[in-house]
Amino acid sequence: MTKHSSNSLPLPAVANAAEPAPWWRGAAIYQIYPRSFQDTNGDGVGDLAGITQRLDYVARLGVDAIWISPFFQSPMDDFGYDVSDYCAVDPIFGTLDDFDALVARAHELGLKVTIDQVYAHTSEQHDWFKESRQSRDNPKADWYVWADPKPDGSPPSNWQSVFGGPAWRWDARRCQYYLHNFLASQPQMNAHNPDVQQALLDVMRFWLDRGVDGFRIDALNFLMHDPAMRDNPPAPYDGRRRTRPFDYQLKIYNQSHPGIVGFIERIRALCDSYGAVFTVAEVGGDLAETEMKAFTQGETHLNSAYGFDFLYAPAITPALVRDVLAKWPDAPGIGWPSWAFENHDAPRALSRWCAPEQIDAFGRLKAVLFASLRGNIIIYQGEELGLTQVDIPFEQLQDPEAIANWPLTLSRDGVRTPMPWATQSPNGGFSDAAPWLPVGEENAARAVDRQEQDDASLLHLTRQLLVLRRENPALLLGDFEVLLADDARLVVRRTAAAAGQSVMGIFNLSDQPVGWPAEMPVGGRVLTTVNGAQFGLLPPFAAMLVEQGN
């Protein structure tokens, strides 16, 4: 591995500010997918006790918070995103006592705890839906989206589900269709109903009372639909292969209703009443940028949002970084962004963005770039190890979307494989039993214990970069300006005027050496350098961060 020098020089202290930024602003957040983090009871599935067991490792990374994907009671049709009881822990993950112990230990280590909330839909096994489907006049009859058929018996609209096929399912109990934007076993909640909104706020309050510090809200722009149930218009062909009926429509009426913003204001008011609670929305789809800004504008909406700009990008280029970051300037009325290169739904970035023989070098470049972005950065478990996408054979697939659309949809299972802790241990030290998904030989070779012993490993670099980010005001909260974005080179400047600091970042995103750009001064205090970068020299995948006076 090429040596890096992230910690070779003393670091400046953060300047005192009259009004310190809230803890979440500029935070590094570590996403934990509980099924695949650590198994402690020998059933091959990770659990809450396993997360608690590994929190010291997470704290040593230098992150500010963890985000835990769903661990709530669920039939697991969509692996926890089909909730049957919002206020109960599924037995496969443990108990509420296990969760309380996790929160207590995280707080001892200085880690904030954020959890998923899935409000757009529940499981069909949730008591609310069981009651709703019994009749058209029960107390929860209007808690889900029900509609009569058209005169010919067909569904009320042409809306299609994300996972394939119509977004409507017939129910003989009510002789009506119910809406499901995802699996048929995930009926859509009717969040236009004030009682539904209050029930969801009560769920949030339940977890706030248990010490939770924040929420990541799943699929928020699916929360409300067009009550008139108008047909979606066809989507213009963009040249990409369409593998689902969902891809043929502009999703205007089954999601993205403007009334969502009103409910967001209620969420923010509740969270503000508990102090510094962080809220971030996941927003995808055709109107993602518009919705993310609407959801985060001002001081009465969510703190942040993230979309799929990087998560599904087939390549990362200087132009992509320039264009994506330009959408979120430091300007009045513009919300605070969050960024993710990987998560539990998106393929591993190193498998998308570089060739197998380039993984080590590109992983270092990617880590420096990620730490340089303005906004919060969300690190998906194993990203700090340089894990890659595991090829899961059809007979071992668990992902319902991949099974339904095989072989045209890339399985999400390949990014959900178990965390490798120990190279020589069975199943990478994740479990004593056969894990629910294979670890993958390549990822096992990148296990934590092996990288701990290598001072030049990506794990050590990640820790050093998070220290740099936290202790340098320009990297943590500064403005972001792109000075150059050509085919290979990216030059950015982060500036914290109040702290009197400016940090330049220079990146060669290509596999060929490139010339030193005129936009980058030759000189300054080097904070970190990877892959042989030095003043006047940019080898393949080189990156440097250089402090300069402001």
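The values are calculated or read from the model by the stated rules, or taken from the named source; none is laboratory data. Worth saying up front: this structure is predicted, and the values here are computed from it rather than measured. Here the Cβ positions follow ideal geometry from the backbone for every residue, glycine too, while neighbour counts run over all protein chains shown. In case anyone asks, the SASA skips ligands and DNA or RNA and just uses the protein heavy atoms, side chains included. Shrake-Rupley method; radii C 1.70, N 1.55, O 1.52, S 1.80 Å.
Some points to look at:
- Selected residue [open to solvent by less than 10 Å² (accessible area, probe 1.4 Å) and not in a helix (DSSP H, G or I)] from LEU311, LEU350: LEU311
- Residues satisfying the stated conditions in region 34-66, i.e. out of contact with any helix residue (DSSP H, G or I) (no Cβ under 9 Å at 6 or more places or on another chain), buried (at least 24 other Cβ atoms within 10 Å of the Cβ) and either among the small types (Gly, Ala, Ser) or under 17 Å from ALA104 (Cα atoms) (or both): SER36
- Exactly one residue out of GLN255, GLN297 is more than 30 Å from LEU483 (Cβ to Cβ) and of a type in the set (S, T, N, Q): that is GLN255.
- Hits in region 78-109 (condition: assigned to a strand (DSSP E or B) and under 21 Å from the mean Cα position of the chain (by Cα)): TYR86
- Those residues of region 206-225 which are outside any strand (DSSP E or B) and buried (at least 17 other Cβ atoms within 10 Å of the Cβ), in sequence order: TRP207, LEU208, VAL212, ASP213, ALA219, LEU220, ASN221, PHE222, LEU223, MET224, HIS225
- Single condition LEU484 does not satisfy, out of (1) touching a strand residue (DSSP E or B) at 6+ places or on another chain (Cβ under 9 Å); (2) surrounded by fewer than 22 Cβ atoms within 10 Å (Cβ to Cβ); (3) part of a helix (DSSP H, G or I): (3)
- Cβ pairs under 7 Å, 6+ apart, first in region 452-481 and in contact (Cβ under 8 Å) with a residue 24 or more places away in the chain, second in a strand (DSSP E or B) and open to solvent by 20 Å² or more (accessible area, probe 1.4 Å): ALA474/THR495; GLY478/THR495; ASP479/THR495
- Exactly one residue out of PHE206, PHE222 is under 20 Å from ALA147 (Cα atoms) and not basic (Lys, Arg): that is PHE222.
- Among the residues of region 124-149, just one is part of a loop (DSSP other than H, G, I, E, B), in contact with a Pro (Cβ under 6 Å, 6 or more places away or on another chain) and crowded, with 20+ Cβ neighbours inside 10 Å, namely GLU124.
- Scanning region 279-307 for residues that are open to solvent by 30 Å² or more (accessible area, probe 1.4 Å), farther than 23 Å from VAL212 by Cβ and among the charged types (D, E, K, R) gives ASP286, GLU289, LYS293.
- Considered as a group, the residues in region 381-411 that are among the polar types (S, T, N, Q) and free of Cβ contacts under 8 Å to residues at least 60 places away in the same chain include one that is nearest to VAL58 (Cα to Cα), and that residue is THR388.
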